[in-house]
Amino acid sequence: MSLSDAAIRCVKSKNQEFKLFDEGGLYLLIKPSGSKLWRFKYRIHGKDRALALGSYPATSLKAARKARDEAKELLEKGGDPGTEKKRQAVAASIAAASTFNIVAEEYIQKLRDDGMAPATEKKTLWLLKQFADNLGPRPISDIEPFEVLHVLRKVEKKGNLETAHRLRSFAGRVFRYAIWTSRAKTDPTAMLAGALRTPKVTNHAAIVEEKPLGGLLRAIDGFEGYKPIGYALKLSPHVFVRPSELRRAEWTEFNLEEAYWRIPANRMKMGREHWVPLSRQSVTLLRELNEITGNHAYLFPSIRTWQRPMSENAVNVALRRLGYGSDEMTGHGFRSTASTLLNESRLWQPDAIEVALAHKDKNKVRGTYNRGRYWDERVEMAQWWSDYLDQLKVSKGDRERRVA
C-alpha cells in the first residue's frame, strides 16, 4: 500500500527504528529520535543497496518518488544510483573548491613562475579584482556567459571600452586554464565575441618631424624642475625604451665602461632580457646623473622617497610643463619618434630597429634573439641616432616653447 502525507505526519517514533513502505522500493525509515529518512531499496550485481533520498518533510513524498524514478531509470541503463550520487558529491566538492577566484589566483601564480613582470602582475591583479564580487565566489564550471557579460557591461557603460575588452580577455585566459586543469569544460567568454562595443584605436602622440623634434630637444634642455626627472627627459630620446622600463631602471643594470644597459626579463613587456647599447651622449648623461642618484638603487627616484622610482606619469607631466599637450608628445612617443625616423633614414635594417625597440617578432625563429643579434649594427645605430638628435637640437627655425 502506498504512503500518503497524512499518514506520514501522523506516524510516531518508537524505541527502535522501523520502516514505512511506499511503492517501487521506496520507504521511509523512522528513527527513535523522530527523524524520517527516505530510502530507495534496489539490487545490483547480486547485492541489496539502499540509496538515501533526503529527509521528510524537507524532501516531500512527491519529491522522493521523483528521485526514486530517476534512480530506477539509471538502473535500467546499467548505472548504479549509489555510485552516481557519490560522484556528484565529489564533483560538487571540487566545484566548491574551484571558484573563479581560486582558479584565477592559481593562474596568476603560474604567470609569476613564468617570469611575469611586476608591472604586468599589478595590472593582472587589478583585472581579477573587478570580478571578485560577482564571479569570484562562483564555481568556475557553473558560470554562464551572461554572468561574465554583466560584469563587462558595467565597465562598458562607464565608457571604459578598452578596459572591458581587457577584462574579457583576462577572464577567457582564466577559463581556458580551468579547462586545461579539468575544472571547466567550456569558456563562456568565447560566446561573447562581438558583444562589446569596439574601442577606437588611439596611438601614443609623438613628434616625427625634424624641426619640431629639434624644438622639443631644446625645450628639454631648458627644463627646470626635479633633476632626476630632467635627466629622464634628456635620456628618453636617446634610448627610446618603454616609460616603465626607464623609470624603474636601477644602477646595477648599467655598465658605463662598456656602454650598455641590461634590462632584466622581469621588467620587460615581452618577458625576456633586453640589452640597450649606450651612445657617448647617453653615457655622459648617465655619469652626470650618477653624481646625483648613484648612491641609491634607482636612477630616477620618486620626489617623495628615494626608495621608489618616479611615478609612471612623471615624464608626461614634465612634457606638459614644457608646453607639449598630450595630443602632441608623450613619454611613450619617443619610441615612435625613433622608429619612424630611423626607418625613414634607410640606413638600418628594419629588423635591427625592431630588436632595438624590443618588439615581439611574429616570426618565432627570428624572435629568439639575444644580445648578439644585430648588436654591432645597433651599437652603430645608437651612436648615429644620438649624433642626429644633437644636429636637430642646434637647428633653429621652429617654434620655441615656454617653460612653465
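No value in this document is a laboratory result; all are computed from the given coordinates. Predicted model, so just to flag it, every value in this text is computed and none were measured. Cβ sites come from the backbone with ideal geometry, for glycine too, and all protein chains shown count toward neighbours.
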Label model pair GLU258, TRP126: point-to-point distance (7 angstrom along the Cα→beta-carbon line) in nm is 3.6
To the nearest 0.05, the calculated FRET efficiency linking GLU147 and GLU105 through their beta-carbon distance, R0 being 22 Å, is 0.70
Test of understanding: in a Gaussian network model of the chain with alpha carbons linked when under 10 Å, which of MET191, MET329, MET116 would top the mean-square fluctuation ranking? MET191
Of ASP133, ASP80, ASP114, which is the most mobile in a GNM of the chain whose springs link Cα atoms less than 10 angstrom apart? ASP80
Taking only the alpha-carbon positions of region 248-377 and ignoring solvent, what does the Debye formula give for the base-10 log of I(q)/I(0) at q = 0.15, 0.18, 0.19 Å⁻¹? -0.91, -1.27, -1.36
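Counting each pair of different Cα atoms once, what's the Kirkwood radius of the chain in Å, rounded to one decimal?
On the way: mean 1/r = 0.0371 Å⁻¹.
Computed over the chain, the radius equals 27.0 Å.
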log10 of Debye I(q)/I(0), alpha-carbon scatterers only, for region 1-127 at 0.13, 0.14, 0.18, 0.19 Å⁻¹: -0.66, -0.71, -0.98, -1.06
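Viscosity 0.890 mPa s, temperature 25 °C: give me the Stokes-Einstein translational D for region 198-279 in µm²/s, with Rh taken as the Kirkwood radius over C-alpha pairs.
Details: Rh = 14.8 Å.
My calculation gives 166 µm²/s for D.
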Measuring from its Cα centre, region 5-95 shows a charge dipole (+1 at each Lys and Arg Cβ, -1 at each Asp and Glu Cβ) which, in debye to the nearest 20, is 280
Among THR198, THR186, THR330, determine the one that fluctuates most according to a GNM of the chain built with springs between C-alpha atoms less than 10 Å apart. THR198
GluC sites (Glu not before Pro) restricted to DSSP loop in region 145-211 with at most 14 other C-beta within 10 Å: GLU209
The answer for trypsin sites (Lys or Arg not before Pro) in region 290-355 that fall in a DSSP coil and have at most 12 neighbouring Cβ atoms within 10 Å is ARG304, ARG346
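How big is the equivalent ellipsoid of region 93-203 along its three axes, where each semi-axis is √(5λ) from the Cα gyration tensor, reported in whole Å from largest to smallest? List each step's numbers first, then the result.
Details: eigenvalues 99, 64, 28 Å².
Each semi-axis is the square root of five times an eigenvalue, giving 22, 18, 12 Å.
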C-alpha long axis of helix 227-239 to longest principal axis of the chain, angle in °: 90
